[in-house]
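Visitor: Have a look at this one.
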Amino acid sequence: MAREAAAGSEGPETPAGSEAREAAAGSDVREAALSVDGRWIGAALPRKEDPRLLQGRGRFVGDLEPPGTLHAAFARSPVAAGALRSVDLTSALAVPGVVAAFAAADLGLTGLRAVLERPEFHPSTMPILAEDAVRHVAEPVAVVVAEDAYAAEDGAEAVIADIEPGEAVSSLRRALDAAPLHDGVASNVFVDLTMFDDPELDTIVGAAPLVLEEAFTSGRLAALPMEGRACLAEWSDRDDQLVVHVSTQVPHQVRTAIATSLGLPESRVRVVAPDVGGGFGLKCVAGREEIAVAALAHRLRRPVKWVEDRQENLTAAFHAREQEYDIRAAFDADGRILAVDADIRCDVGAYSVFPFTSGVEPLMAATELPGPYKLRHYRVRSRAVATNKAPTAPYRGVSRPQITFVMERLMDKAAARLGLDPAEVRRRNLISKDEFPYTGVTGITYDPGSYRESLDLATERLRAEGWYDLRAAARDEGRLVGIGLSCFSERTAYGTPAFMQRRMAMTPGYDVSHIRMDPSGTVFVTTGTASHGQGHETTFAQIVADQLGLHPDDVRIRQGDTDVGGYGWGTFASRSIVVGGGAARRAAVQLAERIRRAAGQLLEADPADLVLAGGAVAVRGVPAASMPIAEVARIAHFQSYRLDGDHLLEASAAYDPPGTFSNATHAVVVELDPGTGQARILRYIVVEDCGVIINPLVVDGQVRGGVAQGIAAALYEQVHYDESGQPVTATLMDYLVPTATEIPPIEVLHLETPSSHSETGSKGMGEGGTIGAPAAVVNAVNDAAGTQVLDTIPVRPEQILGVLT
């Protein structure tokens, strides 16, 4: 059943006229947020995190400064390639306030080496500080420590690095033929995979009524979180432990990287992620600066802090998504896709990242290119290619915005060539409900979704509002108005069964949760996930509260600390609600049973007859026979002699699902300015199916944030390098980030297809907005321009003008 977003979905005035929207009523927010069946899952509960964040009570790494804190700054390479002959620290040490300075040889750290255990993969080691060579601009060559950040910056500028410049490899095409960036590696191809080869494919393509041979490209992007990377490390004499506060999505993986590089047991390293101001994948890998800061604190026995500035974020942090696709696609006369032959090249920069490696983008692109469409003949070659640029990390969506862009452009191109409606071409190719569970050409099995239904709802909405009529009328008036669609599936909540297919030496997937109730009846839940804006403190509390009959305010979530709770893989790949939330729900089910057993003795009732609801435990059908859950907790802790057997009110559980598939359709209306080539978005609709919705406010916020990033990728953002490997988008004056003026109101409609591969019926959805937006926007731009030749993201005004003139 479709329903509009619970809040904030106001759109622009539509051709059919605007509709009045009802505001949610009720003075008691706690109770008004309850869904109609009295459960917290599905309730539009305001985020528990927001009051402290909005009132300045949040605590980010930049807010932490214990007494005696030193500040670190990095001296960085000014050239993209060259031999590092020496590093002279003399002048840096003479700067007032500088305490120490180190080059690679002084710290003696082991570099980061991530591995895929497959013969097609060629590993590279990322040194913490450059040793004998520099391989991209802004690579750190030394680190300076001072009493304040200003002195540290002055000291870093005084470092003299003797670099003999070499020839930079600044493009994918050149890299394929250039000398290897790394010794001991035969070429600049880190990964070269030919997968799903089909001996019948060439015959089918040769006989097809329509064959498209197309090239698509996508620009390099910076994740650009509001809070850049940051780290504060200090040595605890009491615990004989290195304590590292990091702005990260993956605390346990950062702990492993630090311990390995410093040669310490992991028990001697504690990583804590405080409040984190966005990550988007940039912070789901270990940064060399974080390891260097930890090493400095370990050596100097004083707190050391580093906070990335915006220029470092744009030039030295991890990038993503510079990709090229050469595609042959065959269609029959009715627009059904018959075969796809793909050659994919991903520019992964100078190094493999830890722990995901340089294989994450080409592997994702190769295995998931078919998306929601019924494709039976498929061949793909996918390569990770090293260049003298900053390394790439798995930015939000990981190649899926690109593969969705490719498939959706193919659908529009086929429709134009065959004289068919673009929506109808999609409808004929989408997996239908009666075909689930559906095993695709890549061997992946899709759980049920609403692919055709989401497309139908989106197009019906546009038609009912009059946008198709407006487009026709606008063309008669000489205005350039276009409509773009994008259908996609989002594989989410990868467990180890999915990740093991990549053959990562460190294979993520499962999650662990521990839950305990204190004497006042408050519940504490630990999770291995690490929120960086997703609202875990709210949604996890809703899941647990439903199992225990409590209010979410009585559930406290503890995350992001490697010394608290069990091992966890962090937050990425739309995994947290399904995997982490699934573990928390399983633990809550166990705790609920323990509460019933204890209450059964106190109420002289069979535990099976007891119901937990409204903060009390009661005999089913006998409301008078009840007691507060808090009273059960008090007795279990303070008067345990009244209870027989195991009376501990705590439990642990793990969860490792096979994965789920969310799906969505994006529908966009765009108008082009024929004088400037600017694209203005008039209407944006998302129909999202992420299974059971835990909290509509959180889901809608994730969708809208993702769409904003997707629009940015479609029209504005791109990291540029010149031929010498110099970044020319090193500030926000050059790297174009859209403002609220450029992002339109986004209406979110929901379909709910529960997943049997999830404890709650939910599916992941954190990346969907980003995945679908570029294709929908560029399709709308092509439609408005009356062409089908704009096949790059971002698409620039000058490119649009080029096809209009």
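Visitor: Residue 163's amide H: which non-local residues (gap 5+, or another chain) put their own amide H closer than 5 Å, with H modeled 1.01 Å from N in plane and none for Pro or chain starts?
Guide: Residues meeting the criterion, in which the H sits 1.01 Å from N, are 85.
Visitor: If you don't mind, another one. Extending each Cα 7 Å along its Cβ direction at residue 424 and residue 160, get the distance between those two points in nm, one decimal.
Guide: 7.5
Visitor: Could you tell me the center-to-center distance, by alpha carbons, between the range 544-584 and the range 31-105 in angstrom?
Guide: Value for the Cα centre distance between the two parts: 23 Å.
Visitor: Separate question: Computing the accessible area with a 1.4 Å probe over protein heavy atoms, can you report the carbon and sulfur percentage for the range 558-679?
Guide: Details: 2490 of 4830 Å².
Exposed carbon and sulfur together represent 51 percent of the surface.
Visitor: Now for a separate question. Apply the a/c threshold of 1.5 to the C-alpha gyration tensor of the range 75-167 and tell me whether it is rounded, prolate or oblate.
Guide: Prolate, because a/c is 1.5 or more and a/b exceeds b/c.
Visitor: Could I ask something else about it? So which GluC sites (Glu not before Pro) in the range 459-527 pass both tests, a DSSP loop state and at most 15 other Cβ atoms within 10 Å of the Cβ?
Guide: On the way: sites: 460, 465, 477, 490; in loops: 477.
Those that pass, being in a loop and sparsely packed, are 477.
Visitor: In addition: Classify the chain: rounded, prolate or oblate, from the alpha-carbon gyration tensor (a ≥ b ≥ c, eigenvalue square roots; a/c under 1.5 rounded; otherwise prolate if a/b is larger than b/c)?
Guide: It is oblate, given that a/c is not under 1.5 and a/b is not larger than b/c.
Visitor: In whole Å, how far is the Cα centre of the range 250-264 from that of the range 655-691?
Guide: Their Cα centres are 38 Å away from one another.
Visitor: So what J values fall out for the range 741-758 if you push phi through Karplus, 6.51 cos²θ - 1.76 cosθ + 1.60 with θ = phi - 60°, rounded to Hz, Gly and Pro as x?
Guide: After applying 6.51 cos²θ - 1.76 cosθ + 1.60, I find 5, 8, 8, x, x, 10, 8, 10, 10, 10, 10, 10, 10, x, 9, 7, 9, 9 Hz.
Visitor: Taking H placed 1.01 Å from N in the peptide plane, check which residues at least 5 places from residue 351 or on another chain put their amide H under 5 Å from its amide H.
Guide: Amide H neighbours of residue 351, under 5 Å, 5+ apart: 392.
Visitor: Starting from the Cα of residue 804, step 7 Å along the direction of its Cβ; do the same at residue 716; then give the gap between the two resulting points in nm.
Guide: Computed distance between label sites residue 804 and residue 716 equals 1.9 nm.
Visitor: So, one more: Would you work out the relative contact order for the chain, in percent, from Cα pairs under 8 angstrom that are 6 or more residues apart?
Guide: Result for the chain is 16 percent.
Visitor: Ok, one more. Show that you can apply the helix-only estimate: for the chain, add -39,500 (n - 2.57) for every DSSP H stretch of four or more residues, divide by all residues, and state [θ] at 222 nm to the nearest 500. Could the numbers behind the result be given before it?
Guide: Values: 22 runs with 228 residues, N = 805.
Only helices count here, giving -8500 deg cm²/dmol.
Visitor: Pop out the ³J(HN,Hα) list for the range 284-300 in order, Karplus 6.51 cos²θ - 1.76 cosθ + 1.60 with θ = phi - 60°, rounded to Hz; leave Gly and Pro as x.
Guide: Values per residue, Gly and Pro as x: 9, 10, 7, x, 5, 5, 4, 5, 4, 5, 4, 5, 5, 5, 5, 7, 8 Hz.
Visitor: Using a 1.4 angstrom probe on the protein heavy atoms only, line up 117, 147, 227 by accessible area, largest first.
Guide: Values: 117 120, 147 90, 227 30 Å².
The ranking, largest first, comes out as 117, 147, 227.
Visitor: Which ³J(HN,Hα) values, rounded to whole Hz and listed in residue order, are derived for the range 143-153 from phi using the Karplus coefficients 6.51, -1.76 and 1.60 in 6.51 cos²θ - 1.76 cosθ + 1.60 with θ = phi - 60°, glycine and proline given as x?
Guide: Residue by residue, the range 143-153 yields 10, 10, 10, 9, 6, 9, 5, 5, 5, 5, 5 Hz.
Visitor: Can you give me the % of accessible surface on the range 450-515 that is carbon or sulfur? Probe 1.4 Å, all protein chains present, nothing else counted.
Guide: That share works out to 49 percent.
Visitor: What figure in square angstrom, to the nearest 10, would you give for the accessible area of residue 642 with a 1.4 Å probe?
Guide: My reading of the accessible area for residue 642 is about 110 Å².
Visitor: I need the calculated FRET efficiency for the pair residue 627 and residue 524, taking r as the beta carbon distance and R₀ as 30 Å, to the nearest 0.05.
Guide: On the way: r = 22 Å, r/R0 = 0.72.
Efficiency at R0 = 30 Å is approximately 0.90.
Visitor: At a probe size of 1.4 Å, how large is the accessible area of residue 546, to the nearest 10 Å²?
Guide: 40
Visitor: Which residues' amide hydrogens lie under 5 Å from the amide hydrogen of residue 220, considering only partners 5 or more residues apart or on another chain, with H built in the peptide plane?
Guide: Those lying under 5 Å, H to H, from residue 220 are 719.
Visitor: Averaged per residue, what accessible surface does the chain expose to a 1.4 Å probe, in Å²?
Guide: So the chain comes to 36 Å² accessible per residue, rounded to a whole number.
Visitor: Using r as the Cβ-Cβ distance of residue 739 and residue 59, and R0 as 35 Å, what FRET efficiency do you calculate, to the nearest 0.05? Could the numbers behind the result be given before it?
Guide: Values: r = 28 Å, r/R0 = 0.80.
Efficiency at R0 = 35 Å is approximately 0.80.
The values are calculated or read from the model by the stated rules, or taken from the named source; none is laboratory data. Here the structure is a predicted model, which is why all the values come from computation and not from measurement. Please note: Cβ atoms are built from the backbone with ideal geometry, for glycine as well, and neighbour counts cover all protein chains shown. When the accessible area is computed, the model is the full protein with side chains, heavy atoms only, and any ligands, DNA or RNA have been set aside. Shrake-Rupley method; radii C 1.70, N 1.55, O 1.52, S 1.80 Å.
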